[in-house]
Amino acid sequence: MPDVIAYGGDWNPEQWPEETWEQDVALMREAGVNRVSVGIFSWSMLEPVEGVFDFDWFDRVMDLLAANGIQANLATPTASPPPWFSDTYPEALPVDADGRRLYHGSRQGFCPSSPIYREKALRIAEQVATRYRDHPALALWHVHNEYGCHNARCYCDTSAAAFRAWLRARYASLDELNDAWGTAFWSQRYGDWAQILPPRATLSFPNPGQQLDFRRFSSDALVELYVAERDLLKTITPEVPATTNLMAGAHWDMDCWAFAAELDVVSTDHYLVGARAEPHIDLAFAADYARSLNGGRPWLLMEHSTSAVNWQPRNLAKAPGELRRNSLQHLARGADGIMFFQWRASRAGAEKWHSAMLPHAGTNTKIFREVAALGAELAGLSDVVGSTVKADVAILLDHSSVWAQDHPAQPTTDLDPVEEVKRWHAALWRAGVTCDLAHPEGDLTGYRLVLVPALYLVSEAGAANLEGFVRRGGVTLVGPYSGIVDDHDRVRLGGYPGAWRDLLGVTVEEFFPLDGPIRLDSGATGTVWSELAHATGAKVLDTYVTGEPAWTRNEWGDGAAHYLTTRLDDGALAGVVTAVCAEAGVEPAAGAGPGVEVVRRSHADGRSFLFAINHTEADAVVTTRAGDQLTVPARDARIIPD
C-alpha cells in the first residue's frame with residue numbers, strides 16, 4: 001500500500017472524446033486524486049477484432065496519468081468480453097439452472113469454466129501486462145472486476161464436466177460421494193461419475209449435498225480464474241501487487257476467505273442499501289469484514305458511491321456530508337485507500353444514473369465540492385497509513401454454512417444467517433465495540449470473546465477450534481440453530497447443537513419455529529425460533545415463561561460458553577451481548593452516546609488515531625483515552641491523535 005491514502009476512482013476515458021481527457025486529469029488534481037482504476041471495461045477497445053490489438057489510445061491515457069503524478073490500478077479487462085467473443089464462441093456463454101443460455105448485452109457474459117474464455121482472457125491480460133510492465137503509472141494490478149457478480153454459477157455442459165472433475169478431486173471414490181450426499185434418499189445413488197450434473201431445475205427440492213458442493217465448486221472456479229491471471233501477471237511483473245474487488249459483506253456467492261488468501265492486498269466494493277434503516281451500520285460490517293479478510297492489515301476500498309447508485313428500486317441520494325462520513329468510516333476501520341465508481345458520470349449506458357466524483361452537472365455541485373474537500377482532508381491524514389485496528393471480539397462466519405442453510409427445505413425460511421450475523425454485529429456497534437469476522441477454522445488467538453450468531457454448518461476442525469478457544473479462557477456466545485450439521489450438510493446425531501453439546505452443556509431435542517413472539521421470564525421477547533432444550537451441565541440464566549431454557553452458561557476449561565435457544569429481540573440481544581462483553585473484559589474504544597461511532601487505529605510504535613463519527617442530528621461528546629471531552633458536531637466526524 002502507498003505511504004499516502006490512495007484517493008480516486010474508476011476512470012473510463014474510452015467513454016469520452018479525447019479532448020476531455022486533459023480536463024479530466026486537471027480536475028483530478030484539483031480534487032486531490034492520486035490513484036485511478038483504468039481499463040476495467042476496455043476489452044472491446046483494446047481488441048476490437050479477435051487477435052487485433054489497439055493500444056495507441058491507451059498509451060496516451062497511461063502517459064497522461066504518469067505526467068500528472070497519478071497512479072493506476074491497471075485492470076485486466078476480462079470482466080466483459082467483447083461482442084466478437086460471444087458471436088464466435090456462443091458455447092462459452094453462461095447457462096442458468098433452467099437451461100436458458102444468457103446472451104451478450106450486459107457484462108460477465110461467460111461461463112467461468114469455459115476453456116476458450118480462459119484462453120482469450122489470458123491472452124488480453126498478457127498483452128496488457130507486457131505493454132505496460134515498466135510504465136511509471138502502474139501501481140497495482142486490478143484483475144477482472146467483481147468476480148461472480150452476475151455469473152457466479154453456470155449450469156452448462158462444460159460446467160457439468162468441470163464439476164465432476166472437481167468432485168473426483170474432492171472425494172476418493174463414488175461411494176464416498178454417495179455417503180456424503182446421502183444419495184440413498186429418494187433413490188439418488190450414483191453408479192457412474194458421468195451421471196452427476198449440476199443442480200439444474202428439478203421437480204422438487206435438490207439434493208442438499210449436491211447443491212452445497214456446487215456452490216463450493218462455482219466459487220472455486222472463480223478463484224481459479226483469478227489465480228490464472230494473477231500468476232501470468234507475476235511472471236511479467238513480479239514486483240507489482242495484484243488484487244480484485246470482492247464486494248465483501250454484500251455478495252455471498254463467493255467464498256471471500258478463499259479469494260482473500262490469493263490477494264496481495266484485499267480490496268472491496270461497498271454500496272449503501274437504501275432499504276436499511278441504519279445503512280452506516282451495514283457499512284461498518286462490510287469494512288470490518290474487509291479488514292478481517294486481510295488478516296487485520298490495511299485494505300483498499302476500490303469502489304463506493306459519491307451519492308445515488310442506479311440499481312436499487314429507489315436510488316437515494318446522499319445528504320450533504322454523508323459522502324465524507326461514509327469515506328471516513330471505511331478509513332476508520334482499516335482502509336488505506338478511498339476510491340469511487342466512477343470519476344466522470346457516464347452520459348450513456350446502463351450506469352448513466354450512477355453518481356460519480358464529477359457529476360453530469362459539472363464542478364459547481366455539492367458532489368464535486370465534497371469530493372475536492374475530502375481529497376484535501378485525506379492528503380493531511382497520511383500518518384494514518386499503515387496503522388491497524390485491534391479487536392477483542394470476533395464473529396464466526398463461513399460461506400459454506402450460509403450456502404447450506406440457503407437450501408429451501410429448512411425448518412423455517414425466516415432465520416436468515418446473514419441477517420443474524422449482521423444483527424449481532426450491529427449490537428456490538430451500538431455498544432461501541434469494534435469486532436473482526438473470523439473463519440471458524442481460523443486463528444482465534446488474541447480474542448477475548450467469540451460470537452457465533454448463525455453457524456448451521458461447522459466442520460470438525462471448526463468445532464474443535466471454538467472448544468479450544470474457550471478451554472484456554474475465552475468466552476463465547478452461540479446463537480440458535482448452530483453446530484447442527486457437518487461439512488457435508490449431514491445432521492449431527494444425538495441431540496442438537498450436535499457439534500457443541502458438551503461445550504454448551506445443553507441438549508436440544510426439537511426445534512419450534514415461531515409464527516409470533518414468545519415471552520421470556522426476564523421480559524425479553526423471542527421471535528422466529530425457539531428450541532426445546534435441556535441443561536445437561538449449564539446454568540440457566542433465562543427461561544421461557546413455560547420454564548424451558550432460553551439462555552444458558554456453561555463453564556468449559558478456563559472459559560465459559562453461553563447459548564441462546566431463541567432469536568432475541570434487538571433490545572434483549574443487546575443486553576446479552578453487553579453482559580458477555582463485560583464477562584470477557586471487552587470495553588468500548590471510548591465513551592460515546594448512541595449513534596456515535598468511535599474506532600481507534602494504531603501503529604506498532606504506539607501512535608494512534610481516534611475516529612469519532614456522529615450519525616445523529618445532535619452534537620455529541622466523546623471521552624478520549626486521556627479523559628478529555630471531544631465535541632463531534634451533528635452528522636460530522638473528528639479525527640485526532642490519541
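For the chain, what log10 I(q)/I(0) values come out of the Debye formula at q = 0.11, 0.12 1/Å, with one point per alpha carbon and no solvent? Those come out to -1.16, -1.33, one per q.
Given a 1.4 Å probe, how much area per residue of the chain is accessible, in Å²? Intermediate results must be reported in sequence, preceding the final value.
Details: 24680 Å² over 642 residues.
Ligands and nucleic acids excluded, the figure is 38 Å² per residue.
Over all Cα atoms in region 194-309, the spread is summed up by Rg and Dmax: 17.3, 53 Å.
I'd like the per residue volume of the convex hull spanned by the Cα atoms of region 525-580, given in cubic angstrom.
Values: hull volume 4.2 nm³, N = 56.
Once divided by residue count, the hull of region 525-580 is 74 Å³.
Computed from phi, the 3J(HN,Hα) profile of region 18-31 under the Karplus parametrisation 6.51, -1.76, 1.60 (θ = phi - 60°) reads 4, 5, 7, 5, 4, 4, 4, 5, 4, 6, 4, 5, 4, 8 Hz, with x in place of Gly and Pro. Ranked by the mean number of other Cβ atoms within 10 Å of their residues, highest first, the peptides 186-193, 304-311, 633-640 come out as 304-311, 633-640, 186-193.
For the pair region 449-512 / region 64-95, the C-alpha centres are spaced 45 Å from each other.
Highest first, please rank the peptides 559-570, 485-496 by the mean number of other Cβ atoms sitting within 10 Å of their residues. Can you show the working numbers first?
Values: 559-570: 24.0, 485-496: 16.9.
Descending packing order for the listed peptides: 559-570, 485-496.
Note on GLU126 and SER522: the model spin-label points, each 7 Å out from Cα along the C-beta direction, lie 6.2 nm apart. For the chain, the cysteines with no partner cysteine C-beta closer than 4.7 Å are CYS149, CYS156, CYS256, CYS435, CYS581. Each label was represented as a point 7 Å from its Cα along the Cα-to-Cβ direction; for LEU514 and ASN315 these points are 4.0 nm apart.
Using 1/(1 + (r/R0)^6) with R0 = 22 angstrom and r between the beta carbons of GLU419 and HIS150, what's the FRET efficiency to the nearest 0.05? FRET efficiency, GLU419 to HIS150: 0.45.
Order of 523-529, 312-318 by packing, highest average Cβ count within 10 Å first? List each step's numbers first, then the result.
Numbers: 523-529: 18.6, 312-318: 12.9.
Per-residue mean Cβ counts within 10 Å order the peptides as 523-529, 312-318.
Over 21 Å apart: what share of the alpha carbon pairs of region 58-162 falls there, rounded to a whole percent? Of the Cα pairs, 42 percent sit more than 21 Å apart. Each residue of region 283-298 is assigned a 3J(HN,Hα), and the resulting list reads 4, 4, 4, 4, 5, 4, 5, 4, 4, 5, 4, 9, x, x, 7, x Hz, derived from the Karplus form 6.51 cos²θ - 1.76 cosθ + 1.60 (θ = phi - 60°), x at Gly and Pro. Take the Cβ atoms of PHE55 and VAL621, set R0 to 60 Å, and the FRET efficiency comes out at 0.60. Summarising the amide proton neighbourhood of TYR456: residues at separation of 5 or more, or on other chains, whose placed amide H is nearer than 5 Å comprise GLY483. Amide hydrogen proximity for ALA335: with H placed 1.01 Å from N in the peptide plane, the residues at 5 or more positions away or on another chain lying under 5 Å are TRP299. With contacts taken as Cα pairs under 8 Å and at least 6 residues apart, the chain reaches a relative contact order of 11 percent.
Legend: calculated FRET efficiency, TRP186 to LEU493, from the Cβ-Cβ distance at R0 = 30 Å, rounded to 0.05, equals 0.90. According to the Cα-based calculation, Rg over Rh for region 135-237 is 1.12, with Rh computed by the Kirkwood formula. Calculated over region 236-380, the projected area of the Cα convex hull averaged across directions stands at 10.2 nm². Taking the simple approach of a point 7 Å from Cα along Cα-to-Cβ for both THR578 and GLN629, what is their distance in nm? Label at THR578, label at GLN629, 2.3 nm between them. Amide H contacts for VAL632 (H built 1.01 Å from N in the peptide plane; partners 5 or more residues away or on another chain; cut-off under 5 Å): ALA620, VAL621, VAL622.
Direction-averaged projected area, Cα convex hull, region 353-495: 13.2 nm², rounded to one decimal. Over region 484-642, the hull volume per residue, using the convex hull of the C-alpha atoms, is 188 Å³.
Per-residue Karplus couplings for region 220-227, computed as 6.51 cos²θ - 1.76 cosθ + 1.60 with θ equal to phi - 60°, are listed in order as 4, 4, 5, 4, 4, 4, 4, 4 Hz, Gly and Pro entered as x.
Relative to the compact-globule scaling 2.2 N^0.38 Å, provide the ratio for the alpha-carbon radius of gyration of region 378-450.
Values: Rg = 16.2 Å, N = 73, 2.2 N^0.38 = 11.2 Å.
Cα Rg divided by the expected 2.2 N^0.38 Å: 1.45.
The values are calculated or read from the model by the stated rules, or taken from the named source; none is laboratory data. As the structure is a computational prediction, the values presented were derived from the model and not from experiment. Heads up, the Cβs are rebuilt from the backbone with ideal geometry, glycines too, and the neighbour counts pull from every protein chain shown. These accessible areas exclude ligands, DNA and RNA; they are computed on the full protein's heavy atoms, side chains included. Shrake-Rupley method; radii C 1.70, N 1.55, O 1.52, S 1.80 Å.
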